[in-house]
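So the structure is just underneath, and the comments pick up after that.
Coordinate-derived values only; no laboratory data. All figures in this text were calculated on a predicted structure; none of them were measured in a lab. Cβ: placed from backbone, ideal geometry, glycine included. Neighbour counts: every protein chain shown.
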Amino acid sequence: MTLDNQLMFLRKNIEIQTNALEIVRLEKTAARVTELAVRRFEAEVLKNQSRIYHVQQSIIETENRINFLVGRFPQPILRNSQQFIDLLPDSISVGIPSQLLQNRPDIRQAELDLAAAKLDVKVARANFYPSLNISGAIGLEAFNASYLISKPGSLLILLEED
């Protein structure tokens, strides 16, 4: 439908340029402009006329692609391009990008693969985040038992961090 609208505007533009070309030709006969101005207007009209064929070819190619996707032989597709501007989408999807990522087929497939392997998806997601493990131990550094009570400095506490 966009190509149909391009074609419509292109034809209107050619009509306007053809009228301007006639005006420039009349001005040339009155010796107000040179032949260069006439040739420039002719070139613009011819350029836009050649663009018509390009847009028509694009319309046919697009119709053929649509027919291929539908599974039928190439044929014209009925459409109303006049109401293209007034068309509204049926629904608009909302959400934040992280929610949109969950809709991607490759991410869904990866989650299903994890579920099929009897793994918890939430645990797999949690493993992506950094973790901190703290463990502790108590030891004694005294060789003589009498130092244990009198000197608390013989007590050693070890903290380990992963």
Query - Restricting segment 20-51 to trypsin sites (Lys or Arg not before Pro) in coil, as DSSP defines it, with at most 15 other Cβ within 10 Å - result: Arg32
Query - Simple spin-label estimate for Phe73 and Ala31 in nanometres, 7 Å along Cα-Cβ - result: 6.5 nm
